[in-house]
Amino acid sequence: MRRDVNATDDPVPLSALQHWVYCPRQCGLIHLEQAFEDNIHTARGQAVHRLVDAPGYEIKAGAKVERSLPLWSDRLGLIGKADLVEFHPDGTVFPVEFKHGRKRQKTHDDIQLAAQAMCLEDM
């Protein structure tokens with residue numbers, strides 16, 4: 001059953017989903033109270049993000065690679081931006097999220113990536 005979110009509802013930022021799953025208090029501080037302090041980890045993450053924060057695209061191995069692509073789903077009431085989206089010639093589309101640090105499975109990051117994929121399906 002598909003249900004569009006009420007047009008008067010504010011859309012939920014994709015990053016808020018990631019923050020909520022990681023720590024609901026952190027989500028409230030960042031998204032409701034706008035209280036956020038940088039630390040060494042966030043500074044490193046911002047440095048990594050500079051590579052993908054400038055909108056644009058390029059072709060790599062036959063795939064169109066879009067940087068800083070706006071995403072939304074009116075049906076789900078979500079809005080945000082993908083670090084990178086790969087559009088392959090066979091029609092497959094992959095959102096790519098850039099994170100600083102070791103690669104490891106983190107549920108909160110997986111939720112954000114899944115929400116990005118759901119937005120791409122609705123666009």
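The values are calculated or read from the model by the stated rules, or taken from the named source; none is laboratory data. Please read all numbers here as calculations on a predicted model, not as lab measurements. Every residue, glycine as well, gets a Cβ built from its backbone with ideal geometry; the counts of neighbours run over all protein chains shown.
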**Request:** Find the residue count for segment 1-29, including only residues that are surrounded by 15 or more Cβ atoms within 10 Å (Cβ to Cβ), modelled with pLDDT of 75 or more and closer than 25 Å to Asp122 by Cβ.
**Result:** 13
**Item:** Residues that are without any contact (Cβ under 8 Å) to a residue 24 or more places away in the chain and more than 24 Å from Gln26 (Cα to Cα), drawn from segment 37-57
**Value:** Ala54, Pro55, Gly56, Tyr57
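Of all residues in segment 70-96, how many are assigned to a loop (DSSP other than H, G, I, E, B) and surrounded by 17 or more Cβ atoms within 10 Å (Cβ to Cβ)?
If we filter segment 70-96 for residues that are assigned to a loop (DSSP other than H, G, I, E, B), which is where we start, we get 74-77, 88-92.
Right, trim to surrounded by 17 or more Cβ atoms within 10 Å (Cβ to Cβ) and you get 76.
Residues that pass the stated criteria total 1.
Looking for whichever is modelled with pLDDT under 95, in contact with a helix residue (DSSP H, G or I) (Cβ under 7 Å, 6 or more places away or on another chain) and either crowded, with 16+ Cβ neighbours inside 10 Å or within 23 Å of Arg44 (Cβ to Cβ) (or both) here; the options are Lys106, Lys99. Which one fits? Talk me through it step by step, then tell me what you get.
Values: Lys106 fails: in contact with a helix residue (DSSP H, G or I) (Cβ under 7 Å, 6 or more places away or on another chain).
After applying the criteria, what remains is Lys99.
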